[in-house]
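First up is the structure itself, then whatever we jot down about it.
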Amino acid sequence: MPLTLPLAAEAPDTFPGLADPSTLECLLVGDLDGDLVAMGGLRARGRGRAEIVYVRVHPATRRQGIGRELMGALERRAAVAGHTDVILNTATNQPEAVAFYRALGYRDVRNETRPEWHWTLIHFEKSLA
C-alpha cells in the first residue's frame, strides 16, 4: 500500500525542476484514498513541443490504469496549451516503462549512452495531432 511520507525540506538534487515550479507548465498528482500515488509534469520545449517529466506511479498501485490516466491528462494539457508533439525519455534499465510508453503510442526517436552508464537512454516522441 502507499506510504505516508514526510515532506522534504527541499527538492532532491536529481530533480532540481521540482524546486522551481516555474520551470513546469503543470505538475499533476494522483491520489488514491488520500494517498499520493502518482505524479507527472509538463515542460514547454519550444516549436510546438512539450516534454513530459517526473512520471512516477507508486509500485503498489501499478497496473490499475493510474499511469495511463496520468499520461492522458498530461497529453490533454499539452494539446490545450497549443503543443502538437510531446517528448519524454526513459532508460533500458526500466523495461516496464519502455513497454508502457510504446503501448501508449510513443515512438523511439533516438538512443543515448555514455561510458559511465550501464543502461541506454531512450528518447520518445508522440504527435498529438
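Answer yes or no as to whether Arg77 is at pLDDT 95 or above and in contact with a strand residue (DSSP E or B) (Cβ under 6 Å, 6 or more places away or on another chain).
yes
Every condition in (1) of a type in the set (A, V, I, L, M); (2) modelled with pLDDT of 90 or more; (3) out of contact with any Leu (no Cβ under 9 Å at 6 or more places or on another chain) holds for Leu7 except the one numbered (2).
Determine, yes or no, whether Arg49 is free of Cβ contacts under 8 Å to residues at least 24 places away in the same chain, closer than 22 Å to Leu24 by Cα and under 15 Å from the mean Cα position of the chain (by Cα). When the stated conditions are applied, Arg49 does not pass them. The set of residues from the range 118-129 being open to solvent by 50 Å² or more (accessible area, probe 1.4 Å) and in a loop (DSSP other than H, G, I, E, B) comprises His118, Trp119, Ala129. For the range 69-116, how many residues meet the condition of being part of a helix (DSSP H, G or I) and open to solvent by 80 Å² or more (accessible area, probe 1.4 Å)? Number satisfying all stated conditions: 6. Just give me the residues in the range 46-68 being modelled with pLDDT of 95 or more and open to solvent by 90 Å² or more (accessible area, probe 1.4 Å), in sequence order. Of everything in the range 46-68, just one residue is modelled with pLDDT of 95 or more and open to solvent by 90 Å² or more (accessible area, probe 1.4 Å), namely Arg68.
Looking across the range 87-121, the residues that are aliphatic (A, V, I, L, M) and either in contact with a Ser or Thr (Cβ under 8 Å, 6 or more places away or on another chain) or free of Cβ contacts under 8 Å to residues at least 12 places away in the same chain (or both) come down to Ala91, Ala97, Val98, Ala99, Ala103, Leu121.
The values are calculated or read from the model by the stated rules, or taken from the named source; none is laboratory data. What you see is a predicted model; the values in this text were computed from it and never measured. Note that each Cβ is placed from the backbone with ideal geometry, even for glycine, and that neighbours are counted across all protein chains shown. Accessible surface is based on the protein model in full, side chains and every heavy atom, while ligands, DNA and RNA are left aside. Shrake-Rupley method; radii C 1.70, N 1.55, O 1.52, S 1.80 Å.
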